[in-house]
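The numbers here are math on the coordinates, done by the rules we state, and not lab data. Given the structure is predicted, the values throughout are model-derived calculations rather than measurements. So basically every Cβ, Gly included, is an ideal-geometry build from the backbone, and we count neighbours across all protein chains shown.
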There are 2 protein chains.
Amino acid sequence: MATLHHHAFCPHSRFVRLVLGEFDVAPELVEVRPWERRQEFLMLNPAGDTPVLAADGALHPDSDAEGAAPAGAAPLVLSGAAVINEYVDELLGARHPDRRLLPGGIAERAEARRLTAWFNEKFFAEVTTYLCTEKIYKRFMATELGGGPPDMNGVRAARANVRYHLRYIGFLLRDAPFLAGARLTSADLAAAAHLSCVDYLGDVPWSEDEAAAAWYGRIKSRPSFRTLLQDLVPGMAPATTYARLNV
Amino acid sequence: MATLHHHAFCPHSRFVRLVLGEFDVAPELVEVRPWERRQEFLMLNPAGDTPVLAADGALHPDSDAEGAAPAGAAPLVLSGAAVINEYVDELLGARHPDRRLLPGGIAERAEARRLTAWFNEKFFAEVTTYLCTEKIYKRFMATELGGGPPDMNGVRAARANVRYHLRYIGFLLRDAPFLAGARLTSADLAAAAHLSCVDYLGDVPWSEDEAAAAWYGRIKSRPSFRTLLQDLVPGMAPATTYARLNV
């Protein structure tokens, strides 16, 4: 069985859970607090951040068509959302072509990758890293590791930035039902993973873009989303609409 | 013919020039100053950063085996170092399997991608973005866009960080001649692209890691590196060893 070293409110970990969920893979989840920089986790990923996937079972690179890894084979350790996404799509997308998260055409694949990176890198740098760090992670960090009350300047900047990302999502949806075109791709999952963290905190101004809100309602109603919506920040309830489906 | 919208000291642009150079593609170069946020460039890439490749000629997705695009076909616009790298490797790597920059095995490809991202994202965030912005870009930025003398705190942090990255390169080279194994991959090109910017400024402490220095000497002696080493920052000479081959 595969193991995902993750944090419940790390948006990149959420993205990987969605990617795996679309292929009906439910990994064993091991919680990591990346800010603690534990030696055993740094041995898995010297970059020190989540997610890290120990690919075993159906995700092992030498697994057979029934999804069994060779007896005694060590799992393959994979780090980083983009690397894991490409790997899973190559391995499981080849077995289930109807579920591929990166399209078959080379130009369409490039567009899906561009938008996946848009959310995993740009949206992260402008929105999620502020909100998750300031409003969630800092509650659990020791003071000497940077814990404490949120820096409201970062929170305010993120709340301003999320509005233009929401408009960009609305713009992308003018011509197609999904962000990169006619079919679900990893771009939709990346965007929804990041937005789900922000939505938990009640910081997505959904009323400002109807198309984006309707698209998110569709994505979060997918079975792959179910376990994400059950995760809670101890001591902090989600916004009221967070886990409501088809809003 | 393909066009690369780049900046001569944007490390991600340098990486793409190396990737293209390994396939003997010399794009037309158009200089962009991303900090000016010009409308015509934002139309090509709403993220606003370099590199952007207008893929035409042999790089057009519908080009034939002789490298000609269909008559009248518009170039395909691709943004971002990782997206362009995957695209070029899929398109030209399929035509020249001996030059592939992402290896054929799924596990080896994941490792090459991990290390490519290590340099394009982590090294960038910890080293190149400080040094290129503070010591190069700011010389050419208008004051109202952030120009002025370098912030030496950023420069000092980058100079400290580059040392541990150099040790990591030395560590990777203990078991293999290239960063991701027995063959050249995009990981070597990404690392060398970023280091080349830092080396221009004289900020790589090469004497601290002999293996890393020898590896860099080999990479910068490749023909794909030639045009990079000719680029100059107006009014700022490179460090003496910058363009010396096989040091």
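So if I place +1 on the C-beta of Lys and Arg and -1 on the C-beta of Asp and Glu, and nothing else carries charge, what would the dipole magnitude of the stretch B:3-99 be about its Cα centre? I want it in debye, nearest 20.
400 debye
If you keep only loop residues by DSSP, which GluC sites (Glu not before Pro) in the stretch B:1-90 have at most 16 other Cβ atoms within 10 Å of their Cβ?
Numbers: sites: B:Glu22, B:Glu28, B:Glu31, B:Glu36, B:Glu40, B:Glu66, B:Glu86, B:Glu90; in loops: B:Glu66.
Answer in residue order: B:Glu66.
Taking 8 Å as the Cα distance limit and 6 or more residues as the minimum spacing, I'd like the relative contact order of the stretch B:3-99 as a percentage.
29 percent
Taking every Cα atom in the stretch A:163-247, find the radius of gyration and the maximum pairwise distance Dmax, and write them in Å.
Just the Cα atoms of the stretch A:163-247 yield Rg and Dmax of 12.5, 41 Å.
What percent do you get for the relative contact order of chain A when only Cα pairs under 8 Å and 6+ apart count? The partial results should precede the final answer.
Working: 363 pairs, mean separation 49.9, N = 247.
It comes to 20 percent, rounded to a whole number.
Would you mind pulling out the separation of the Cα centroids of the stretch B:106-146 and the stretch B:160-237, in Å?
14 Å
Taking amide H positions as placed in the peptide plane 1.01 Å from N, state which residues far from B:Val30 in sequence (5 or more) or on other chains have amide H under 5 Å from it.
Answer set, sorted by chain and number: B:Leu4, B:His5, B:His6.
From the P(r) of the stretch A:40-152, can you give the percent of Cα pairs sitting at distances over 17 Å?
Looking at the stretch A:40-152, the distances longer than 17 Å represent 68 percent of pairs.
Given label points at 7 Å from Cα along Cα→Cβ, what nm distances, shortest first, separate B:Ala65 from the same residue in every other copy?
3.1
Applying the Karplus parametrisation 6.51 cos²θ - 1.76 cosθ + 1.60 with θ = phi - 60° to the phi angles of the stretch B:7-15, what ³J(HN,Hα) value in whole Hz is obtained for each residue in order, glycine and proline being reported as x?
Here the 3J(HN,Hα) series is 10, 4, 10, 7, x, 5, 5, 4, 4 Hz.
With θ taken as phi - 60° and the coefficients 6.51, -1.76 and 1.60, list the Karplus ³J(HN,Hα) couplings across the stretch B:83-91 in order, rounded to whole Hz; mark glycine and proline as x.
Ordered by residue, 3J(HN,Hα) equals 4, 5, 4, 4, 4, 5, 5, 5, 7 Hz.
With the label 7 angstrom out along Cα to Cβ, how close does A:Met43 come to the same site in each of the other copies, in nm, nearest first?
Result for A:Met43, in nm, nearest copy first: 5.6.
5 Å is the cut-off here: which amide hydrogens, built 1.01 Å from N in the peptide plane, fall below it relative to B:Gly202, excluding neighbours closer than 5 in sequence?
B:Ala239
So in the stretch B:3-99, what percent of DSSP beta bridges are antiparallel if you round to the nearest 5?
65 percent
Kindly give the distances from B:Val30 to its copy-mates, label point to label point, with each label point 7 Å from Cα along Cα→Cβ, as nm values to one decimal ordered shortest first.
Inter-copy label distances (nm, one decimal, shortest first): 4.9.
Starting from the Kirkwood Rh over alpha-carbon pairs, what translational D in µm² s⁻¹ does the stretch B:60-125 have by Stokes-Einstein at 20 °C and 1.002 mPa s?
Details: Rh = 13.5 Å.
Once the numbers are plugged in, D ends up at 159 µm²/s.
Please name which of A:Val16, A:Tyr87, A:Leu76 has its Cα lying farthest along the dipole of the stretch A:3-99 towards the positive end, using unit charges on Cβ (Lys, Arg +1; Asp, Glu -1) and the Cα centre as origin.
Value computed over the given set: A:Val16.
Taking a cut-off of 31 Å, what percent of all Cα-Cα pairs in chain A are separated by more than that? Display every interim value, and only then the final one.
Details: 6643 of 30381 pairs.
Roughly 22 percent, rounded to a whole number.
Using the Karplus curve 6.51 cos²θ - 1.76 cosθ + 1.60 with θ = phi - 60°, what ³J(HN,Hα) values do you get for each residue of the stretch B:94-99, in whole Hz, with x for Gly and Pro?
Each residue of the stretch B:94-99 in turn: 5, 7, 10, x, 6, 10 Hz.
Using alpha carbons only, what's the Rg to Rh ratio of the stretch A:3-99 with Rh from Kirkwood?
0.97
Mind putting a number on the dipole of the stretch B:85-205 about its Cα centre? Charges go on the C-beta only, +1 for Lys and Arg and -1 for Asp and Glu, and I need it in Debye to the nearest 20.
Dipole of the stretch B:85-205, to the nearest 20 debye: 220 debye.
Which of the residue pairs A:Lys135/B:Lys122; A:Lys135/B:Lys138; A:Lys122/B:Lys135; B:Lys122/B:Lys220 have a Cα-Cα distance greater than 28 Å in the structure shown?
Working: A:Lys135/B:Lys122 24 Å; A:Lys135/B:Lys138 33 Å; A:Lys122/B:Lys135 24 Å; B:Lys122/B:Lys220 21 Å.
Correct reply: A:Lys135/B:Lys138.
Let me know the charge dipole size of the protein assembly as shown about its Cα centre in debye, to the nearest 20, where only the beta-carbon of Lys, Arg (+1) and Asp, Glu (-1) is charged.
Using Cβ point charges on Lys, Arg, Asp and Glu, the protein assembly as shown gives about 900 debye.
If you average 1/r over every pair of different alpha-carbon atoms in the protein assembly as shown and take one over that average, what Kirkwood value in Å do you get?
Result for the protein assembly as shown stands at 23.6 Å.
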